[in-house]
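Below is one structure; the comments refer to it alone.
Where a number appears in this text, it was derived from the coordinates with a stated rule and is not lab data. Values in this document were obtained by computation on a predicted structure and should not be read as measured data. With ideal geometry, Cβ positions are generated from the backbone for all residues, glycine too; neighbour counts draw on all protein chains shown.
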Amino acid sequence: MDDFNVVDGQLCAEQVPLEAIAAAVGTPAYVYSRNTLCSHLRRFREAYAALQPKIRYAVKANSNLALLKILADEGTGFDVVSRGEITRVLQAGGDPAAIDFAGVGKRRDEIEYALEVGIDTFNVESEGELELIDRVAREQGTAARIALRVNPDVDPETHRYITTGKSENKFGLDVQRARRMCQTMSELSGVRLHGLHVHIGSQLTQVEPYVEAVRRVLGLARDIRGFHPALETINIGGGFGVHYRPNEAPEMHEFADPLVALLKDCGFEVHIEPGRLLVANAGVLLTRVLYVKQGCERRFIVADAAMNDLLRPSLYSAFHRIEPVAPRDGDTSLADVVGPICESGDFLGKERELPPLEPGDLLCIRTAGAYAFVMASNYNARPRPVEVLVDGDRFGVVRERETVEDMMRGEKTEPAAWERP
């Protein structure tokens, strides 16, 4: 469900024609719907209401300040994986006491900063990380709240690049190691264990592996509470799948119902980390056709957006629905929608049924609110796109289009001063 629909023959974001936005700000352009984001958050809260969970939006999905401010104003917390993401949350008005800091490779300066601003929890993934947090916290005269990330060795049945809960993955601690760390943590004065964390992957479309992972961690939590009564929180992660294709993922309640049944009377405070589920369908990417090229074997639609703007198709062979913004007459035929970058992997969609198109036609790439702009780059020295927020019948730029001068800021043709070690 989203708010990108045809109104009076024009594809609109809420009440604003997408063609009007493209005419005003140019293309490529990311366009976000405030109402879609808020309605997804409302539905998510309703689905998990029986657990009264603490929601920690996964900032890595989309870190635009305007979207973070909307979520902060709606009372969500945040799941972050870097100092930069903490800073963005604070800039957007987020509460530091509602931030969980995840990630396998936290640097010392990031740990220092997180403690200084007063985040809620560090999700810890190794003995070395725990020792460093303990040392830094003691130096600052404080104690850090810790949740151990458990790797339950469950196959989430998603793309191998976004699998995080199998024994072969770099994430988390196996059950036995997690139990041993809990037993010895009382020897460290700079940390306080208060929870367990699990996250098995992203774009999850099968409910059963998720439930099994949570069941395993819940069992471990009950065991640990026998000798560590301060354990009070279970963070069940996120990764909930969305509809890139029709009926690709379960509806919210289909995921929520078995988790609610499992956790409703578990006796632990529950944290949940939705990211993609909230923002994916709240965003689209607008791109204009540059050329239509008939190759020997197929038709190519060359657009002004490329893999540097939307990496997911090239990186994951991910599917995004592509459609003309204005109705086009004529029979559809197969075409590849590609970008200007000098890579054969630069495509936005392959073998798509599209009507006849001409240079200047505007295309809408759906479900582009998550893992889209945040993964954009300057490959081929291409500036990153503009980002636009729509609210009802109005729209505004929430990130200006990058310029070539922006990209070169900080670079020098030679060092300002040479040094010798």
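Compute the long axis of helix 175-184 from its Cα atoms, compare it with the longest principal axis of the Cα atoms of the chain, and write down the angle in degrees, 0 to 90, nearest 10.
Approximately 50 degrees, to the nearest ten.
If you stretched the chain out fully between residue 253 and residue 342, how much longer would it get, using 0.36 nm times the residue separation minus the C-alpha to C-alpha distance?
Working: separation 89, 0.36 × 89 = 32.04 nm, distance 4.37 nm.
Extra length available between residue 253 and residue 342 comes to 27.7 nm.
Would you mind calculating the gained length between residue 316 and residue 222 on full extension (0.36 nm times residue separation, minus the Cα-Cα distance), in nm to one decimal? Write out the running numbers ahead of the final one.
Details: separation 94, 0.36 × 94 = 33.84 nm, distance 3.76 nm.
Length difference between fully extended and current span is 30.1 nm.
Quick one: go through the range 217-257 and flag any residue whose amide nitrogen is under 19 Å from the point 7 Å out along the Cα-to-Cβ line of residue 52.
Of the residues in the range 217-257, 231-236 have backbone N under 19 Å from the label point off residue 52.
For each of 315, 277, 354, count neighbouring Cβ atoms within 10 Å of the residue's Cβ, then give the residues from fewest to most. Walk me through the numbers on the way to the answer.
Values: 315 15, 277 27, 354 21.
Listed from fewest to most nearby Cβ atoms, that is 315, 354, 277.
Rounded to the nearest 500 deg cm²/dmol, what is the calculated helix-only ellipticity per residue at 222 nm for the chain, with -39500 (n - 2.57) per DSSP H run of length n ≥ 4?
On the way: 12 runs with 118 residues, N = 421.
Calculated from helices alone, the mean residue ellipticity at 222 nm is -8000 deg cm²/dmol.
Once label points are set 7 Å from the Cα along Cα→Cβ at both residue 379 and residue 139, what is their separation, rounded to one decimal in nm?
Distance between label points: 3.8 nm.
In the range 1-153, with Lys and Arg counted as +1 and Asp and Glu as -1 at Cβ, which of these residues, 13, 136, 27, has the Cα nearest the positive end of the dipole, that is, farthest along it?
The residue sitting most towards the positive pole is 136.
Compute the angle between helix 127-139 and the longest alpha-carbon principal axis of the chain, please, reported from 0 to 90 degrees and rounded to the nearest 10.
The helix 127-139 is inclined about 70 degrees to the chain.
Under a point spin-label approximation (7 Å from Cα along Cα-to-Cβ), what is the residue 183-residue 39 distance to one decimal in nm?
With each label placed 7 Å out from Cα toward Cβ, I get 5.3 nm.
Determine, from the Cβ-Cβ distance of residue 414 and residue 358 and an R0 of 56 Å, the FRET efficiency 1/(1 + (r/R0)^6), rounded to the nearest 0.05. Write down the numbers at each step before the final one.
Values: r = 47 Å, r/R0 = 0.84.
It comes to 0.75.
Can you work out ³J(HN,Hα) from phi for every residue in the range 62-67, in order, using Karplus 6.51 cos²θ - 1.76 cosθ + 1.60 and θ = phi - 60°, giving whole Hz and x for Gly and Pro?
6, 10, 4, 4, 5, 5
Which label belongs to the value computed from this structure, given these candidates for Kirkwood radius over Cα pairs in Å: [x] 23.8; [y] 23.0; [z] 28.1?
Correct label, based on the coordinates given: [y].
Cross-chain or 8 or more residues apart, Cα under 16 Å: how many lysine pairs in the chain fit that? Count them up, please. Don't skip to the answer; put the middle values down first.
Values: 54/264; 60/69; 60/106; 106/170; 293/350.
Total qualifying Lys-Lys pairs in the chain comes to 5.
Please report the spacing between the Cα centers of the range 369-419 and the range 71-119 in Å, no decimals.
Centre-to-centre distance over Cα atoms comes out at 23 Å.
Taking R0 as 60 Å, what FRET efficiency do you get between residue 208 and residue 109 from their Cβ-Cβ distance, rounded to the nearest 0.05?
Numbers: r = 41 Å, r/R0 = 0.68.
E between residue 208 and residue 109, to the nearest 0.05, is 0.90.
State, to one decimal in nm, how far the label point of residue 23 lies from the label point of residue 10, with both points 7 Å from Cα in the Cβ direction.
0.7 nm
Can you work out ³J(HN,Hα) from phi for every residue in the range 245-254, in order, using Karplus 6.51 cos²θ - 1.76 cosθ + 1.60 and θ = phi - 60°, giving whole Hz and x for Gly and Pro?
10, x, 6, 6, 10, x, 6, 4, 5, 5
Compare the peptides 250-262, 298-310, 337-349 by average per-residue count of other Cβ atoms within 10 angstrom and give them in order, highest first. Mind dumping the intermediate values first?
Details: 250-262: 16.5, 298-310: 22.4, 337-349: 18.3.
So the peptides 250-262, 298-310, 337-349, ranked by packing, come out 298-310, 337-349, 250-262.
Compute the helix-to-body angle for 207-225: its Cα long axis versus the longest principal axis of the chain, expressed 0 to 90° and rounded to tens.
Helix 207-225 sits roughly 20 degrees off the main axis of the chain.
Per residue of the range 345-356, what does 6.51 cos²θ - 1.76 cosθ + 1.60 with θ = phi - 60° give for ³J(HN,Hα)? Whole Hz please, x for Gly and Pro, Karplus curve as stated.
Karplus values, whole Hz, x for Gly and Pro: x, 7, 9, 9, x, 10, 6, 9, 6, 10, x, x.
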